[in-house]
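Notes follow the structure.
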Amino acid sequence: MSEVTIRGRKLAYDAQPERFDKSALTTTFVHGSGGDREEWRSQLDSLSDRFNVIALELPGHGASEPPGETTVAAYADWVVDFVEGLGLSKVVVVGCSLGSAIAQWIALSPKPWLVGIGLVGAGARLKVHPGFLEGMLHFNPDTLMSFADFAVSREAEPSVRSAVRDRFLKGPVELIHGDLVACNEFDIIDRVGRISLPTCIVVGEDDRLTPVKYSRFLQSAISGSELTVIPGAGHLVMMEKPKEFNRFLGDFLEKLAS
């Protein structure tokens, strides 16, 4: 794990390889609500033989200093400042769920270094069920467990389901609630068509939080975007079906790198 100080606060990240050419194509992964860099472990391990890959931990998450934020715009500012703080010059931002909203927000007013985005378990609007918001506001562990189970397919490997449950049960409930508030208020349906960058969209066929229809809408709205639907996976498709996910994302990155 590495750290960088942004606006006086330490942000943690994992970069593979540890030393890389900052002028080369670099994929920056952004996790979802209550997440951390471990969401992207399979991508860090498997794609780093071909690409520079970084998994950032948003403020308040993992080893990054708190507090977190409660809007997508505020989180997006941190990601932009992180990329520019590291001096990266050719970046693809790939985000899951909350991270996908952050990627879209950045792509609406892209910096010169942004060459593409990846949207995983995504939507142009991310309304959260009121029961989840209310339960987390009142620190209900049953709500946390239920949300964790909704984040993966019913067919998910027990090890994946257990890891996701542990993450939500151990994470600060206030932080997760703030992340979900940010998702719930995110809505760019009337603007998403303005995104003109190369875009890949990945969704699990069994995603119950952001159903496949959300991704199909994104594909129809973003000109030239690519969509893959991965069977047997839920919302955290990159953890549940890493080989299939990495194959599609790797092909997308190859095209951008060349």
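The values are calculated or read from the model by the stated rules, or taken from the named source; none is laboratory data. These figures come from a predicted structure and were not determined experimentally. Ideal geometry is used to build each Cβ from the backbone, glycine not excepted, and the neighbour counts take in all protein chains shown. Note: areas computed on protein heavy atoms with side chains; ligands, DNA, RNA excluded. Shrake-Rupley method; radii C 1.70, N 1.55, O 1.52, S 1.80 Å.
List the number of the failed condition for ASP142; all other conditions in (1) within 19 Å of ALA101 (Cα to Cα); (2) open to solvent by 70 Å² or more (accessible area, probe 1.4 Å) hold.
Against the list (1) within 19 Å of ALA101 (Cα to Cα); (2) open to solvent by 70 Å² or more (accessible area, probe 1.4 Å), ASP142 comes up short only on (1).
Restricting attention to segment 119-158, report how many residues are among the β-branched types (Val, Ile, Thr) and farther than 25 Å from CYS200 by Cα. Don't jump to the end; show me each part of the working.
Here is the first cut: in segment 119-158, the residues among the β-branched types (Val, Ile, Thr) are 120, 128, 143, 152.
Imposing the further condition that a residue be farther than 25 Å from CYS200 by Cα reduces the set to 143.
Within segment 119-158, residues that are among the β-branched types (Val, Ile, Thr) and farther than 25 Å from CYS200 by Cα number 1.
For residues that are more than 16 Å from the chain's Cα centre (by Cα), under 17 Å from ASP149 (Cα atoms) and not in a loop (DSSP other than H, G, I, E, B), tally how many sit in segment 169-188.
4
Considering every residue within segment 124-131, establish whether at least one is assigned to a strand (DSSP E or B) and either open to solvent by 10 Å² or more (accessible area, probe 1.4 Å) or over 21 Å from ALA73 (Cβ atoms) (or both).
Within segment 124-131, the subset assigned to a strand (DSSP E or B) is 125.
Keeping just the survivors that are either open to solvent by 10 Å² or more (accessible area, probe 1.4 Å) or over 21 Å from ALA73 (Cβ atoms) (or both) gives 125.
Yes, the conditions are met somewhere in segment 124-131.
In segment 159-173, which residues are surrounded by fewer than 17 Cβ atoms within 10 Å (Cβ to Cβ) and either touching a residue at least 12 places away in the same chain (Cβ under 8 Å) or under 19 Å from ASP207 (Cβ atoms) (or both)?
Selection gives LEU169, PRO172.
So, in segment 151-168, how many residues would count as being at pLDDT 90 or above, of a type in the set (A, V, I, L, M, F, W, C) and part of a helix (DSSP H, G or I)?
3
In segment 1-52, which residue that is part of a strand (DSSP E or B) and charged (D, E, K, R) is nearest to the chain's Cα centre (by Cα)? Outline the logic, then answer.
In the first step, residues of segment 1-52 are kept if they are part of a strand (DSSP E or B); the result is 2-6, 9-16, 26-30, 52.
Keeping just the survivors that are charged (D, E, K, R) gives 3, 9-10, 14.
Values: GLU3: 19, ARG9: 21, LYS10: 20, ASP14: 15 Å.
The residue in question is ASP14.
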